Amino acid sequence: MKSIIVGTAGHIDHGKTALVKALTGIDADRLEEEKRRGITIDLGFAHTELPLPNREVLQLGFVDVPGHERFVRNMLAGVGGIDLVLLVIAADESIKPQTREHFEILQLLGVQRGITVLTKSDAVDSETLDVVRLEVEDFLRGTFLEPPKAPIVAVSSLTGAGLEDLKRAIVNIADHVVARDASALLRLPIDRVFTIKGFGTVVTGTLISGSVRREEELEVDPIGRRVRVRGVQVHGITADRALAGQRTALNLAGASPEDLKRGMMLAPPEKLNHTRNVDANLHLLASAPRILKDGARVHFYAYAVETIGEIHFRKSAVGGQMSPGEATFVRIRLAEPTLLLPGDRFIIRQLSPVVTIGGGVVLDAAPIPRLKRATGDSLLEAAASGDAGAVLGARIARRWYRGLTMAQAVAETGWRKEVIQANLTASVAKGGVLRFGDLFLSSTAMSELEAVVLQTLSSFHAKNPLVPGIGKETLREQFSLTQEVLAAVTDRLVRTQKVEVVADFVRLAGRGVLMKDEEAESKKQIEDAFAMAGLKVPALQEVLAGLKVDKVRAQKIVTLLLRDRVLIKISDELVFHRTALEELRRQIASRKATSPTIDVGAFKEMTGVSRKYAIPLLEYLDRERVTKRVGDTRQIL
Ligand SMILES: Nc1nc2c(ncn2[C@@H]2O[C@H](COP(=O)(O)OP(=O)(O)O)[C@@H](O)[C@H]2O)c(=O)[nH]1
Ligand SMILES: [Mg+2]
C-alpha cells in the first residue's frame, strides 16, 4: 500500500475545505470557531483511499490549510511534510494574494508535484472559466505546476463535476511520488497535542521519515523528555506501526499535554541533536519588498517549528546585503533550540509587516564554531551538491585530527549507520578516508598529524636530552587527540620506523637519552653492577652511593633505566638487570622438562639465592604467569 500526503493551498474562501470534504467526506474544519465563522483557522486533516491501476490501494492523507493571511503560520506548520499539493483557485475570483504567497512557499519548500484545481466551476460560465484557465497557465509558467506535466482540473464541489477527473489526476501523480524513507531515522514533527478521555496524551503529525511502532521509546526534542508509544493510529485507524509519509497519531506515556506543543519533534532517543545554529542556502524571493541586511532578524519556520532567526551571510561577496531574487549561503542563529537536519526546508518571513520573503534548505545543522571559512564552505558546497560521499568526506575533513565518530556522523546527517558505511566504502578503499574502529579520519589530516608529531618530538629531544621521550598522554593532550587517533598515529610512525614507543613514552627512532660523560659513566656503572650480580643483586642505595654524580642525577638515571626496562623493579627493595631475569626464565623453562613443579627449597637450590630473594622472585614469576602458586609449591606454566 502506498501512502502519500496531499496538502491544500490557496486563497481564503476558494473552496479548499469544501474540496477536501468532496473527496473524502470529512469536514476538516474541526474547531467550533471554524464551523461558526465558516473559515479555516488551523490545520485540518482528512483521509481516503483510492484504487491504483495495479489494484493496490493508494492511501491519501489530507492536510487542509487555512487561506487567511493572518493564519499563514498555521499553513506553514502543515505544509512541511506534503508529497503532493492541490493549488486551489476559485474560478470566480482567479489569482489572489494568498494564491501567490502559498505558491511561493510551496516552491521554496521544494514541493515537486501537484495539481492546480479551479474550484467553483459551477459559479462561472465556460468563457470565464477559459479566461481564468489562461491566466492561471500564465501564472504557472516555468514552475513545478506548469501544464502539461502538472494538470489543471476544473471542479465543482457543489455539483461534483470534475471530481472524477481530479481523482484520476491524483492517482496518476501519486504513482510518481517517491516514497519517503521508512528505513531512515524516525522524525515526527508534532502539529497537534490533545488528550482523549481514557487514553491520555495524544500527538499528531506527518511522519517525515522512518517508522514508529507501539511500545517504542522516543525522545521529545528539544525538551529531551523520554516517552513511550502506547498506541499508534494511521488515518484514524489503530495500527501496529506508522511509516514515513503517513499522517500519524501517537498515544504517549511519559508526558502530559502541558509538556508538549506544536513545533516539538519526536525522534529516537540519544541519536540526534538540536541546534541554535544552522548553515543554509537561502533564497530571497524576487517579490520580497526590500533588501535583506546582514544580521537581519526574521520569523523562521521549518515543519511545525516557528521561531526567530538572525541571518548572517557566509560570503563577504554579498556585500552586507542580499537583493530580492538572490541566493547565498547563510548562517542562521535561532532563538530556540531546534532539531533540524541537512535537507530540511524552511521559510522566512519579515518581522513587520509579516510577509513571506524567502526560504531555503538546511545544509548543516551542526556547524563547528571557529572553523576556517574555507573548510566550512567546502562542506556547504558538498551538501548543496547532494553527493552523500562528498558530504561525509567534508564532514570528516573538517574534524581534522579528532576525526568523526560513527555516532557523530549519524547525528549530523540523520542517516543510519549502514547508509553512512555504504557511502564511505569507496573513499575508505581509495585511502582518502582512514577508518579506526568507529572513527573516521581524513588521510590529509593523518599525514599532517604525523609531520607535526615528528616535529614536536625532535624539538622535545633537543630541549630534554635526559628524558627518554614524550609521555603518550602528554602528546594526546597537546593535540586534543582521542585514544584511537593517538594509537593510530604512533602505530603508523612505528611501522615506518620513524619513532619508537618504549613503555608509555614516544621518542624519535634511535634517539636514546643523550648524556654527559659523567652521567653516561654512572649509568654504565649501575648497569654493570646489576648485570654482573645476576640474581644476587646489591642494594640500590649502595650502588648509587659509589657514583661520581650527585644523588638527584643518580636517581634520574635509575628512573631512565627502569623506564627503558634495562632494570626491572620487582619489589620495593629489589631491582634486577633484565638479563638476569631473562636467564631465570630460561632456567625455569628448562626445568619444566624434568619437573613440572618447583617449591621454595628447590628454587633456592637452583638459583643459589637466599629466602629473602626467593620469595619476591617467585611472586614476580607468578605475576608474569611463568609460574602459578598451588599450595606450598608452584606449577611451571
Ligand atoms: N458554488 C460553489 N461554492 C463553493 C464550492 N466550493 C466551496 N464553495 C463555497 O465557498 C465558500 C468557501 O469554501 P471553503 O471550502 O470554506 O473555502 P476555503 O477557505 O478555501 O477552505 C463556502 O461557502 C463554500 O460553500 C463550489 O465548488 N461551488
Ligand atoms: Mg478552509
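The values are calculated or read from the model by the stated rules, or taken from the named source; none is laboratory data. Just so you know, these numbers come straight off a predicted model, no measurement behind them. With ideal geometry, Cβ positions are generated from the backbone for all residues, glycine too; neighbour counts draw on all protein chains shown. For accessibility, only protein heavy atoms count, side chains too; no ligands or nucleic acids. Shrake-Rupley method; radii C 1.70, N 1.55, O 1.52, S 1.80 Å.
Things to note:
- Filter result for A9 (within 16 Å of ligand 2 (Cβ to nearest atom), under 34 Å from the mean Cα position of the chain (by Cα), within 22 Å of T159 (Cα to Cα) and modelled with pLDDT of 90 or more): yes
- Some residue of segment 292-300 being without any contact (Cβ under 8 Å) to a residue 24 or more places away in the chain and surrounded by fewer than 17 Cβ atoms within 10 Å (Cβ to Cβ): yes
- T40 polar (S, T, N, Q), farther than 23 Å from N172 by Cβ, within 11 Å of ligand 2 (Cβ to nearest atom) and at pLDDT below 90: yes
- The lone exception for F460 - which of (1) surrounded by fewer than 16 Cβ atoms within 10 Å (Cβ to Cβ); (2) part of a helix (DSSP H, G or I) it fails: (1)
- Residue under evaluation V65, criteria (1) buried (at least 24 other Cβ atoms within 10 Å of the Cβ); (2) more than 16 Å from ligand 2 (Cβ to nearest atom), criterion not met: (2)
- Condition check for V72: touching a strand residue (DSSP E or B) at 6+ places or on another chain (Cβ under 9 Å) and either within 16 Å of ligand 2 (Cβ to nearest atom) or in a strand (DSSP E or B) (or both): yes
- Flag if G10 is of a type in the set (G, A, S), within 13 Å of ligand 1 (Cβ to nearest atom) and farther than 20 Å from L163 by Cβ: no
- Of all the listed residues (L454, L441, L466), the sole one being open to solvent by less than 20 Å² (accessible area, probe 1.4 Å) and in contact (Cβ under 8 Å) with a residue 12 or more places away in the chain is L441.
- Any hit, segment 83-92, residues being away from ligand 1 (no atom under 13 Å from the Cβ), closer than 23 Å to L284 by Cα and open to solvent by less than 20 Å² (accessible area, probe 1.4 Å): yes
- Matching residues in segment 131-161 - criterion: being more than 23 Å from L76 (Cβ to Cβ), open to solvent by less than 20 Å² (accessible area, probe 1.4 Å) and either away from ligand 2 (no atom under 16 Å from the Cβ) or in contact with a Cys (Cβ under 9 Å, 6 or more places away or on another chain) (or both): V132, V136, V153, S156
- Every residue from segment 589-637 that is crowded, with 17+ Cβ neighbours inside 10 Å, aliphatic (A, V, I, L, M), within 60 Å of the chain's Cα centre (by Cα) and within 19 Å of V537 (Cα to Cα): A614, L617, L618, L621
- A search for C-beta distances below 7 Å between a residue of segment 26-38 that is within 10 Å of ligand 1 (Cβ to nearest atom) and any residue that is part of a loop (DSSP other than H, G, I, E, B) and open to solvent by less than 60 Å² (accessible area, probe 1.4 Å), counting only pairs 6+ apart in sequence or on different chains, returns D29/T40; E34/T40; E34/I41.
- A46, sole failed condition from (1) within 12 Å of ligand 2 (Cβ to nearest atom); (2) in contact with a helix residue (DSSP H, G or I) (Cβ under 7 Å, 6 or more places away or on another chain); (3) closer than 18 Å to E101 by Cα: (3)
- Total residues in segment 126-180 satisfying the condition of being under 17 Å from T48 (Cα atoms) and within 16 Å of ligand 1 (Cβ to nearest atom): the figure is 7.
- A residue that is among the acidic types (D, E), within 26 Å of E583 (Cβ to Cβ) and surrounded by 13 or more Cβ atoms within 10 Å (Cβ to Cβ) occurs nowhere in segment 537-545.
- Complete set of residues in segment 475-486 that are modelled with pLDDT of 90 or more and out of contact with any helix residue (DSSP H, G or I) (no Cβ under 8 Å at 6 or more places or on another chain): E477
- When S522 is tested against (1) surrounded by 13 or more Cβ atoms within 10 Å (Cβ to Cβ); (2) of a type in the set (S, T, Y); (3) outside any helix (DSSP H, G or I), exactly one condition is not met: (3).
- Under the condition of being in contact (Cβ under 8 Å) with a residue 12 or more places away in the chain, farther than 11 Å from A90 by Cα and either of a type in the set (A, V, I, L, M, F, W, C) or open to solvent by 60 Å² or more (accessible area, probe 1.4 Å) (or both), the residues counted in segment 114-130 number 1.
- Odd one out for G198 among (1) surrounded by fewer than 17 Cβ atoms within 10 Å (Cβ to Cβ); (2) touching a Leu at 6+ places or on another chain (Cβ under 9 Å): (2)
- Inter-residue pairs, beta-carbon under 6 Å, first β-branched (V, I, T) and in segment 378-389, second assigned to a loop (DSSP other than H, G, I, E, B) and at pLDDT below 90, 6+ apart: none
- Being at pLDDT below 90 and over 30 Å from E521 (Cβ atoms) is a description that does not apply to R634.
- Selection within segment 68-82 - open to solvent by 10 Å² or more (accessible area, probe 1.4 Å) and touching a Leu at 6+ places or on another chain (Cβ under 8 Å): N74, A77, G80
- Residue check, A531 outside any loop (DSSP other than H, G, I, E, B) and open to solvent by less than 70 Å² (accessible area, probe 1.4 Å): yes
- Annotation note: Cβ proximity below 7 Å between a residue of segment 1-25 that is assigned to a loop (DSSP other than H, G, I, E, B) and a residue that is aliphatic (A, V, I, L, M) and near ligand 2 (Cβ under 8 Å from one of its atoms) (sequence gap 6+ or interchain) occurs for I12/I39.
- Under the condition of being surrounded by fewer than 20 Cβ atoms within 10 Å (Cβ to Cβ) and in contact (Cβ under 8 Å) with a residue 40 or more places away in the chain, the residues counted in segment 171-184 number 9.
For (1) in contact with a strand residue (DSSP E or B) (Cβ under 6 Å, 6 or more places away or on another chain); (2) among the aliphatic types (A, V, I, L, M); (3) open to solvent by 50 Å² or more (accessible area, probe 1.4 Å), each residue gets a yes or a no:
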| site | (1), (2), (3) |
| --- | --- |
| L340 | yes, yes, no |
| D344 | yes, no, no |
| P353 | no, no, yes |
| G360 | yes, no, no |
| K372 | no, no, yes |
| T375 | no, no, no |
| R395 | yes, no, no |
| W400 | no, no, yes |
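- Looking only at segment 39-56, and only at residues there that are under 22 Å from Y303 (Cα atoms) and in contact (Cβ under 8 Å) with a residue 60 or more places away in the chain, the one that is farthest from ligand 1 (Cβ to nearest atom): H47
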